[in-house]
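> Quick one: the structure is below, and I'll ask about it shortly.
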Amino acid sequence: MTTPTRVLNFSAGPAVLPLPVLEEIQRDLVALPGVGMSILEVSHRSKAFEDILAKTEADIRALANIPANYKVLFLQGGASTQFSMVPMNLLGAGQTADYIDCGSWADKAIKEAKKVGTVNVSGSSKADNYSHLPNSADLKFTPGAAYVHITNNNTIEGTEYKTLPDVGGAPIVNDTSSDMFSRPIDIAKHGLIYAGAQKNLGPAGVTLVIIREDMLARAAAVQKTLPTMLSYAVHAENTSMYNTPPTFSIYAVGLVVQWLQKNGGLPAMLAVNERKAGKLYAEIDRTGFYRGTAKKEDRSLMNVTFRLSTEDLEKKFVKESTAAGLDGLKGHRSVGGMRASIYNAFPESGIDTLVAFMQEFERKNG
Ligand SMILES: *Cc1c(COP(=O)(O)O)cnc(C)c1O
């Protein structure tokens, strides 16, 4: 079988996957070794799948150093369902949840939480089109808040928390959909972490949730009043097997995690990601032709957003880059401009190709 030529995929998600992972999926797709069935056919109640699930969880625990008092769950419905599950499970009557409004996804999370309970927006950069993170010194937290919700990486605007903000004593709930496992993560500083897989972890269809046991106890207290499928306690009690889990997606995430381990784990990933993003930002800053849209200190290593002097020139850039095999550089429809999503699996050589394209484009149009 010949592999068709692959373009450079700068999509924000679903996004590029490591080639060795795709090749392993391809090799084993018709029959998993020792099983004789495709991962697409295997029962979730089979020993074969139970082993895959257990190994995937164990590998994630090892990779991210997850303490024993945290549960690892594999859920469905994407990060968007977590926008509702978090307050439904963790925001009790009479309590307030604090949210940092640092990007378009945070804004969506806030809207969902407001349907469930009382929300305090601790700080916002919306007035500046989320071009920076809200200033830490200006954040106002509610004493005794149920939790503080943050978005670690703002996929659309291209900003990222490199260190967690000081939120007082409340548990942090972190949407890490677009930078999970791109750098070491201090799990113990969190009450709950969630990430849709399709950006940095694997294919679409599974959402990783890491929840501390005391948060789970809160979730258990409201379990009876919640729709069963929206209860963390139900999923935890059933080790993500209350109903049919997304078997293929979990298998693929498992392979991605093995690939991360083989490549040196999270510290090594951070070093590569810093180098990759560094090259791209250096090109953006080299002359005035390109303009980075995120404040320098807050720039994301995962989603690099930039603009050109006119929208016509931006259209031309997108058209010509696509034709040159650099796919998905058009920015999110809500903000325009360009966005290069350069997740873990995006090859460093692809950054060099983009930089060369940018230099040539500037030479012709500058
Ligand atoms: C993509 C994204 C979401 C939404 O994810 P879905 O899985 O499509 O629901 C939420 N938060 C962030 C930070 C994202 O990047």
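> What is the Cα coordinate range of segment 147-271 on the first, second and third principal axes, sorted by size from largest, in whole angstrom?
45, 39, 26
> How far apart, in nm, are two points set 7 Å out from the Cα along the Cα-to-Cβ line at residue 364 and at residue 40?
3.9 nm
> Which chymotrypsin sites (Phe, Trp or Tyr not before Pro) does segment 228-290 hold that lie in a coil by DSSP with at most 16 other beta carbons within 10 Å?
Hits after loop and neighbour filter: 242.
> If I histogram all Cα-Cα distances within segment 120-167 using bins 10 Å wide from 0, what percent of pairs lands in each bin?
Reading the bins upward from 0: 24, 58, 18, 0.
> Sum up the charges of everything whose Cβ sits under 14 Å from the Cβ of residue 262, counting Lys and Arg as +1 and Asp and Glu as -1, but leave residue 262 out.
Combined, the nearby Lys, Arg, Asp and Glu give -3.
> Same structure again: Could you size up the charge dipole of segment 264-365 around its Cα centre, putting +1 on the beta carbon of Lys and Arg and -1 on that of Asp and Glu, and report it in debye to the nearest 20?
200 debye
> Hey, another quick one. List, in the order given, every pair from 279/330; 126/296; 108/140; 55/224; 108/262; 114/189 whose Cα-Cα distance in the structure shown is over 27 Å.
From the list (279/330; 126/296; 108/140; 55/224; 108/262; 114/189), the Cα-Cα distance tops 27 Å for 55/224; 108/262.
> Can you compute the charge dipole magnitude of the chain about its Cα centre, using +1 on each Lys and Arg Cβ and -1 on each Asp and Glu Cβ, nothing else charged? Give it in debye, rounded to the nearest 20.
Roughly 360 debye, rounded to the nearest 20.
> Tell me, 312, 28 in order of fewest to most beta-carbon neighbours within 10 Å?
The order, fewest Cβ neighbours first, is 312, 28.
> Moving on. Let's test the formula: R0 of 41 Å, r as the Cβ-Cβ distance of residue 237 and residue 310. What FRET efficiency results, to the nearest 0.05?
So the FRET efficiency works out to roughly 0.15.
> Follow-up. Please give the net charge around residue 342, taking every other residue with its beta carbon less than 14 angstrom from that of residue 342, where Lys and Arg add +1 and Asp and Glu add -1.
0
> Ignoring everything except DSSP H segments at least 4 long, calculate the 222 nm mean residue ellipticity for the chain; use -39,500 (n - 2.57) per segment, divide by total residues, nearest 500. Please report the intermediate quantities before stating the final value.
On the way: 10 runs with 138 residues, N = 366.
Mean residue ellipticity at 222 nm (helix-derived): -12000 deg cm²/dmol.
> Next question, about the same structure. So for 247, 5, 151, 305, fewest C-beta neighbours within 10 Å to most, what's the order? Spell out each step's value before the answer.
Details: 247 22, 5 6, 151 30, 305 27.
Final ranking by Cβ density, sparse to dense: 5, 247, 305, 151.
> Could you list 293, 56, 142 so that the one with the fewest beta carbons within 10 Å of its beta carbon is first and the one with the most is last?
Result, fewest neighbours first: 142, 293, 56.
> How far apart, in nanometres, would the label points at residue 225 and residue 120 be if each is projected 7 angstrom from Cα along the Cα-to-Cβ direction?
2.1 nm
> Can you check what the net charge comes to around residue 68, using other residues whose Cβ is under 13 Å from the Cβ of residue 68 (Lys, Arg +1; Asp, Glu -1)? The partial results should precede the final answer.
On the way: positive: 61, 71, 212; negative: 57, 213.
My count for the surroundings of residue 68 gives +1.
> Going toward the positive end of the dipole of the chain, with +1 on Lys and Arg Cβ and -1 on Asp and Glu Cβ, which of 20, 309, 351 do you reach last?
Checking the options against the dipole of the chain, the answer is 309.
> Beyond 30 Å, what percent of the Cα pairs of segment 6-163 remain?
Summing the P(r) of segment 6-163 above 30 Å gives 36 percent of all pairs.
> Further question on the same structure: Hey, if you put +1 on the Cβ of every Lys and Arg and -1 on every Asp and Glu Cβ in segment 24-262, which of 29, 165, 133 ends up farthest toward the positive end of that dipole?
29
> Just to compare against my own numbers: the Cα pair-distance distribution for the chain, 10 Å bins, whole % per bin, please.
Bins of 10 Å from zero give 5, 24, 31, 25, 12, 3, 0 percent of pairs.
> Relative to the compact globular guide of 2.2 N^0.38 Å, what is the alpha carbon radius of gyration of segment 137-219, as a ratio?
1.12
Throughout, read-outs are computed from the coordinates displayed, never taken from laboratory work. Small disclaimer: the values here were computed from a predicted structure and weren't measured. Cβ: placed from backbone, ideal geometry, glycine included. Neighbour counts: every protein chain shown.
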